[in-house]
Amino acid sequence: MRADTIAVRSGRGDFEALGVHAPPIDLSTTYPFQDLDAATDSYDAMAAGGMPRGSSIYARLHNPTVARFEQALAAMEGAEEAVAFASGMAATTAVLLESRNRGNHVVAVRPLYGGTDELLRSGLLGLEVTFTTADQVHQALRPDTALVIVETPGNPTLELVDIAAVVAQAGEIPVMVDSTFATPVLQNPLRQGATFAMHSATKFLGGHGDVIAGVVATSGDWAARLRQIRVITGALLHPLAGYLLHRGLQTLPVRVRAAQANAEVIAHRLLQHPAVLAVQYPGMLGCDPEQLLGRQMSGPGTVVAFRVRGGCQAAQSVLRRLALVTRAVSLGSVDTLIEHPVGLTHRLVDPGALAEVGVTPDLLRLSVGLEDPEDILADLGQALDAVVASDSPGLVAV
Ligand SMILES: *Cc1c(COP(=O)(O)O)cnc(C)c1O
């Protein structure tokens, strides 16, 4: 089956037998058993990271509604299995905790999502971290390195990282790719040799700004280890969230393509505005030096970053003047969202490290939604015009 068919049809193999058209939402916390031996057998299977043999026993071990979403996401990523978590951060935490079985050191390529950066720096998980660039991964490896983490496209600069090149440098060490910005529609990291494709499902997979979730697509063996961690730590996905995500996947390809078409129009027109210093978008001239579009990622995506002339205050003034675009962090929703990375999502990241990877105070991150792009452009245009009109853009008072 092709990608769009997989999105609509996957994780629904038991519907005919159940006689349903929409997945049942199973809210049971416990599952009554009749035969103790059979229940023990099933419990043992799940404690080892496997699937239930019959009864789910207890909802921290397994939930059928969540499992259907996992099956569908795995199919979309071309993975054997997927494991869903309470949030994107819980998913990353599980991968990091699992890596502690194999070593105490992680190599992380910046820029990363602000929360991931903070988690790694916090020392909370007892891991030592070397932050580096995509071309220096090999040099950063140590005998006790257990994991390499990269994010592509990067947040918030939209820089692309060559996954296959990082995998080659990592050798035997597993690579986790945070593929949130790409979605399984535009990029499948496992096909490039990565071991884990991680998503903050809060973003595009849910797609309507009403679910917090995370998911990791990987092989059956790795998935079993992650499920074991999930059973022990309890960072579960709620069945209602699993239901909403499973539904979200059905329209994901259509939503991503439509928002991407809007983003392409907006990115090119933004560049022509005199108040815009630069636009960072994988589709733009000069933004993809390694030519990964078409090779690793089938389209430029839906998130556009741009720099406003006049620095931090000018960028903030643009934000304040917007009337239609939603001022909010997060991304991948049906509505267009805008935020100021230095002021919000990347606030806790070391300013020196931010400057090094091009996260400047004048940068705004726009997650383009499904509105008519002309309406978005009109709103951005009036806000940017005000910056141009001001003699000293750094001092615009609103
Ligand atoms: C939002 C986000 C995360 C964290 O996900 P949560 O669901 O908020 O925990 C991780 N990586 C990227 C790229 C994100 O955008």
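Only one of the numbered conditions (1) farther than 30 Å from PRO253 by Cα; (2) within 20 Å of the chain's Cα centre (by Cα) is violated by ASP37, and that is (2).
Going through (1) without any contact (Cβ under 8 Å) to a residue 60 or more places away in the chain; (2) outside any loop (DSSP other than H, G, I, E, B) one by one, LEU97 falls short only on (1).
LEU158 fulfils the conditions (1) more than 24 Å from LEU363 (Cα to Cα); (2) within 14 Å of the ligand (Cβ to nearest atom); (3) buried (at least 21 other Cβ atoms within 10 Å of the Cβ); (4) aliphatic (A, V, I, L, M) except for a single criterion, (1). Restricting the first member to the range 76-89 and to residues that are assigned by TED's automatic domain parsing to the domain that holds VAL211 and within 14 Å of the ligand (Cβ to nearest atom), and the second to residues that are of a type in the set (A, V, I, L, M) and assigned to a strand (DSSP E or B), the beta-carbon pairs closer than 9 Å and six or more apart or on different chains are ALA84/VAL215; ALA84/VAL216; PHE85/VAL215; PHE85/VAL216; GLY88/MET198; GLY88/VAL215. Restricting the range 282-292 to residues that are at negative phi and at pLDDT below 95 leaves a set whose member that is surrounded by the most Cβ atoms within 10 Å (Cβ to Cβ) is PRO282. The single residue among VAL95, VAL83, VAL106 that is closer than 27 Å to ALA3 by Cβ and out of contact with any helix residue (DSSP H, G or I) (no Cβ under 6 Å at 6 or more places or on another chain) turns out to be VAL95. Of all residues in the range 74-95, exactly one satisfies the criterion of being touching an Asp or Glu at 6+ places or on another chain (Cβ under 8 Å) and either surrounded by fewer than 22 Cβ atoms within 10 Å (Cβ to Cβ) or polar (S, T, N, Q) (or both), namely THR92.
Would you call SER28 of a type in the set (Gly, Ala, Ser), modelled with pLDDT of 95 or more and away from the ligand (no atom under 16 Å from the Cβ)? Yes; evaluated as a whole, the condition is true for this residue. Taking every residue in the range 108-123 that is in the same structural domain as LEU141 (by TED's automatic domain parsing) and part of a helix (DSSP H, G or I) and pairing it with any residue that is within 12 Å of the ligand (Cβ to nearest atom) and not β-branched (Val, Ile, Thr), at least 6 positions away or on another chain, the pairs with Cβ-Cβ distances below 7 Å are GLY114/HIS346; GLY115/MET89; THR116/ASP178; LEU119/MET89. Is it the case that GLU98 is away from the ligand (no atom under 16 Å from the Cβ) and surrounded by fewer than 22 Cβ atoms within 10 Å (Cβ to Cβ)? Yes, satisfied. Of all the criteria given as (1) farther than 24 Å from LEU127 by Cα; (2) modelled with pLDDT of 95 or more, the one not satisfied by GLU151 is (1). Among the residues here, VAL167 qualifies as over 29 Å from THR251 (Cβ atoms), surrounded by fewer than 22 Cβ atoms within 10 Å (Cβ to Cβ), of a type in the set (A, V, I, L, M) and without any contact (Cβ under 8 Å) to a residue 40 or more places away in the chain.
Please tell me if VAL129 is of a type in the set (Val, Ile, Thr), outside the structural domain of GLY294 (by TED's automatic domain parsing) and over 25 Å from ALA224 (Cβ atoms). Steps first, please.
Details: of a type in the set (Val, Ile, Thr): yes; outside the structural domain of GLY294 (by TED's automatic domain parsing): yes; over 25 Å from ALA224 (Cβ atoms): yes.
Considered against the rule, which asks whether it is of a type in the set (Val, Ile, Thr), outside the structural domain of GLY294 (by TED's automatic domain parsing) and over 25 Å from ALA224 (Cβ atoms), VAL129 comes out as yes.
What is the number of the single condition among (1) under 23 Å from ILE338 (Cα atoms); (2) within 16 Å of the ligand (Cβ to nearest atom); (3) not charged (D, E, K, R) that ALA258 does not meet? Looking at each condition in turn, ALA258 falls short on (2). Would you check if THR29 is farther than 29 Å from THR5 by Cα, in the same structural domain as THR233 (by TED's automatic domain parsing) and β-branched (Val, Ile, Thr)? Here the answer is yes, as THR29 does meet what is asked.
If the condition is being within 16 Å of the ligand (Cβ to nearest atom) and more than 21 Å from VAL83 (Cα to Cα), then the range 101-116 contributes VAL106, ALA108, VAL109, ARG110, PRO111, LEU112, GLY114. Note on the range 117-133: residues that are within 16 Å of the ligand (Cβ to nearest atom), at pLDDT 95 or above and among the hydroxyl-bearing types (Ser, Thr, Tyr) amount to 0.
The values are calculated or read from the model by the stated rules, or taken from the named source; none is laboratory data. Everything numeric in this text was worked out from a predicted model, so none of it was measured. Note that each Cβ is placed from the backbone with ideal geometry, even for glycine, and that neighbours are counted across all protein chains shown.
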